[in-house]
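The structure under discussion appears below in the form of structure tokens.
Only the coordinates and a few stated rules stand behind these numbers; no lab work does. None of the values given here were measured: they were computed from a predicted structure. Note that each Cβ is placed from the backbone with ideal geometry, even for glycine, and that neighbours are counted across all protein chains shown.
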Amino acid sequence: MANSASARKRANQAEQRRKNNASRRSMMRTHLKATLAAITAADKKTAEEAYKKVVPILDSAATHGLISHNKAARHKSRLKTQIKAL
């Protein structure tokens, strides 16, 4: 348990960041799954629409430090390659 005021503040900030990160991570995963589902269903139009939605979310996650920029780029590249193959 935090004893000083600054320690209490840091604990509150850490908890808030944890909640925000969990929310962003969940949103990112949900959109990734939707894109992969469209690719699996071989629906190119839906897959492209889902891809357009997931790209800014991946970029935002990378900007906020949730994932590395390289991981975001890797996801985008692999998804685009799979969509082009449809």
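For the condition in contact with a Lys or Arg (Cβ under 6 Å, 6 or more places away or on another chain) and either among the basic types (Lys, Arg) or in contact (Cβ under 8 Å) with a residue 12 or more places away in the chain (or both), Leu79 does not qualify. Which ones in region 11-25 are surrounded by 12 or more Cβ atoms within 10 Å (Cβ to Cβ) and within 13 Å of Ile67 (Cα to Cα)? Once the filter is applied, which keeps residues that are surrounded by 12 or more Cβ atoms within 10 Å (Cβ to Cβ) and within 13 Å of Ile67 (Cα to Cα), region 11-25 yields Asn21, Arg24, Arg25.
Within region 32-47, how many residues turn out to be over 19 Å from Ala22 (Cα atoms) and touching a helix residue (DSSP H, G or I) at 6+ places or on another chain (Cβ under 6 Å)? Selection size over region 32-47: 5.
For region 65-82, the count of residues that are of a type in the set (S, T, N, Q), touching a helix residue (DSSP H, G or I) at 6+ places or on another chain (Cβ under 7 Å) and surrounded by 14 or more Cβ atoms within 10 Å (Cβ to Cβ) is nonzero. Of all residues assigned to region 21-29, at least one qualifies as being touching a residue at least 12 places away in the same chain (Cβ under 8 Å) and among the aliphatic types (A, V, I, L, M). Checked against the criterion of being out of contact with any Asp or Glu (no Cβ under 7 Å at 6 or more places or on another chain), exposed (fewer than 13 other Cβ atoms within 10 Å of the Cβ), of a type outside the set (Phe, Trp, Tyr) and not in a helix (DSSP H, G or I), region 39-53 has at least one qualifying residue.
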